[in-house]
Amino acid sequence: MAVRFFPILFVFLWATGFIGAGLSMPYAEPFSFMTVRFLIAAIILGGWAFLTKSIWPKGVSFVHSIITGCLIHGGYLSGVFWAVHQGLPAGMSGLVAGLQPMITAIMAALILGERLHPKQIAGLLIGFVGVTLVIWPKFSFDTVGVNPVTLSAAFFAVLSISLGTVWQKRFGTKTDLKAGTTVQYIGAGILTAIGAYFFETGAFILSPQLIFAMTWLVLAISVGAILALMVMIKEGAVSKVASLFYLVPATAAIMAYFLFGESLETLQIAGMVVTTIGVALTVIVKKTA
């Protein structure tokens, strides 16, 4: 598949990840679930890398792959799934993730020296306003649901993947995708295994939903979407690639509406429209820069 189709594929697959969280979290604890997921993904990608005689990262490159894995996979996914496990609606977790383009663009400018075009800055700000409009009607100080604790976990997840994206662009683009991503999952798995050991019981309730979610999340997200993301990071500027994440919240919210009955208020729909305008501005800059 041509690289130009990767953005469309990525947005769809990434949005289904939040649906997978909603399906799986009633039947498993987040760190334990992530550990198993990363282990299976590492075995699949590692086997593929061995069969194709990929060059494995060594020394400093190995360390950078571990760090990237802990950030993009371990920190990000654990934060999202923990928030959903604590009652944050699946669609809402995707909406919080819409903050990533803003954070990633700022990090890329500060760390990588990427120049932000004025229209791109405007697009990022508009996208941020759109995401805020979507979150606001559901916010409360209840002990479960959309509250400061679950939103903080989701925000931590966004910070983690934003820094991981910049880290991958800075240190990991010369690493073989299959071998490098396998090492990333090993690092992420170690991180989540530590979390599971100290904070969870490791209990799983086997169900069709859990099995389907695990299968889909490993094959479609941990293999398909992540490889697409790594290719896009390698081929394009980090801040422009990150703008794609502004399209994920609306996609995830629509999926959650049909699958889980999570309602969408008028203000939230308006926020999605505003968010789309923000993405359009960043894409226009990408095409004209």
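The values are calculated or read from the model by the stated rules, or taken from the named source; none is laboratory data. Not measured: the values here are computed from a predicted model. Positions of Cβ are generated from backbone atoms using ideal geometry, with glycine treated the same way; all protein chains shown enter the neighbour counts.
Residues checked against (1) farther than 28 Å from LEU112 by Cα; (2) modelled with pLDDT under 95; (3) among the aromatic types (Phe, Trp, Tyr):
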{"residue": "THR132", "(1), (2), (3)": "no, yes, no"}
{"residue": "ASN147", "(1), (2), (3)": "yes, yes, no"}
{"residue": "LEU159", "(1), (2), (3)": "no, yes, no"}
{"residue": "LEU163", "(1), (2), (3)": "no, yes, no"}
{"residue": "GLY195", "(1), (2), (3)": "yes, no, no"}
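None of ALA153, ALA90, ALA105 is of a type in the set (Gly, Ala, Ser), buried (at least 22 other Cβ atoms within 10 Å of the Cβ) and modelled with pLDDT of 85 or more except ALA153. Residues that are at pLDDT below 75 and buried (at least 17 other Cβ atoms within 10 Å of the Cβ) were ranked within the range 254-267; the one that is farthest from GLY91 (Cα to Cα) is LEU264. From the list LEU9, LEU39, LEU45, LEU13, the lone residue that is in a helix (DSSP H, G or I) and modelled with pLDDT of 95 or more is LEU39.
Being among the basic types (Lys, Arg), out of contact with any Phe, Trp or Tyr (no Cβ under 8 Å at 6 or more places or on another chain) and surrounded by 20 or more Cβ atoms within 10 Å (Cβ to Cβ) is the filter here; which residues of the range 162-196 pass it? The one that is among the basic types (Lys, Arg), out of contact with any Phe, Trp or Tyr (no Cβ under 8 Å at 6 or more places or on another chain) and surrounded by 20 or more Cβ atoms within 10 Å (Cβ to Cβ): LYS169. Does at least one position in the range 60-81 carry a residue that is among the hydrophobic types (A, V, I, L, M, F, W, C) and part of a loop (DSSP other than H, G, I, E, B)? Scanning the range 60-81 turns up no residue that is among the hydrophobic types (A, V, I, L, M, F, W, C) and part of a loop (DSSP other than H, G, I, E, B). Considering only the range 156-187, state which residues are more than 18 Å from the chain's Cα centre (by Cα) and polar (S, T, N, Q). THR173, THR175 - these are the residues of the range 156-187 that are more than 18 Å from the chain's Cα centre (by Cα) and polar (S, T, N, Q).
For the range 43-70, what are the residues that are within 18 Å of the chain's Cα centre (by Cα) and within 15 Å of THR175 (Cβ to Cβ)?
As a first pass, look at the range 43-70 and keep what is within 18 Å of the chain's Cα centre (by Cα): 65-70.
Passing the criteria: SER65, ILE66, ILE67, THR68, GLY69.
Screening ALA270, ALA289, ALA280 for residues that are modelled with pLDDT under 70, over 20 Å from the mean Cα position of the chain (by Cα), small (Gly, Ala, Ser) and over 21 Å from LEU13 (Cα atoms) leaves exactly one candidate, ALA289.
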